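The values are calculated or read from the model by the stated rules, or taken from the named source; none is laboratory data. Note that this is a predicted model, so its numbers are computed, not measured. Neighbour counts run over all protein chains shown; Cβ positions are idealised from the backbone, glycine included. Only protein heavy atoms, including side chains, enter the accessible area calculation; ligands, DNA and RNA are left aside. Shrake-Rupley method; radii C 1.70, N 1.55, O 1.52, S 1.80 Å.
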Amino acid sequence: NSLKNPVDYKMVNIRNLIESDYPAVQAIYQQGIDMGDATFQSKTPDWKSWNKTKLAACRLVAIDNSAVIGWAALSPVSGLCVFNGIAEVSLYISNKAQGKGVGHNLLSALISSSEEQGLWTLQSGIFPENKASLALHKKNGFREVGVREKMGAMQDGTWRDVLFLERRSKVAGT
């Protein structure tokens, strides 16, 4: 799919992520880590580790002029079969592409892909300070369902709250 970027005039291509995209995905992920408000992670995993933690379907990249400028993927929330329709969102946009509608296009495509796979709930944990990610998720139908206070500590020992958001599909599940 090619999706028209709503803010920027450029066309952004959204396609399935393949293993050869991972060096760019890893670099963008590291930018998010370095920002300090995207994840508890302190370093990016190698391909084998990353690949093992993500669902096989619903792995997308945003491409502009043949360069990966963003990625999104889903992780299972549990190994129990009753939770097979629920997944957690990971979405990262390169620093140079932020604020241009790429995240909206990528998250919209991820939602569509998840519904095609029969997933009925997407969830996301977002630091309260990450206003852009919160706005993006809410724009795409996620609602805040709670705060997990002092959910974990950063590498420097700072404890962080996490806002818990979810989006229930209107077409998949019950």
*Leaving ligands, DNA and RNA out of it, work out the accessible area of Leu60 with a 1.4 Å probe and give it in Å² to the nearest 10.*
10
_Quick check: pseudo-label points 7 Å beyond the Cα along Cα→Cβ at Ile18 and Glu149, how many nm apart are they?_
5.0
*At what distance in angstrom do the alpha carbon centres of the range 56-93 and the range 38-54 lie from each other?*
12
*With label points built 7 Å along Cα→Cβ from the Cα atoms of Gln98 and Leu55, find their separation and express it in nm.*
2.7
_As a test question: what accessible area, to the nearest 10 Å², does Arg168 have when a 1.4 Å probe is rolled over all protein chains in place?_
110
*From the Cα gyration tensor of the range 93-174, with a ≥ b ≥ c the square roots of its eigenvalues, which class applies: rounded if a/c is under 1.5, or else prolate if a/b is larger than b/c, or else oblate?*
oblate
*Classify the range 9-86 as rounded, prolate or oblate, taking a ≥ b ≥ c as the square roots of the eigenvalues of its Cα gyration tensor: rounded when a/c is under 1.5, otherwise prolate if a/b is larger than b/c and oblate if not.*
oblate
*Gyration tensor (alpha-carbon) shape descriptor, the chain, a/c threshold 1.5*: rounded
*asked:* So the label point goes 7 Å from the Cα of Lys131 along Cα→C-beta, right? Which residues of the range 142-168 then have their backbone N under 13 Å from it?
replied: none
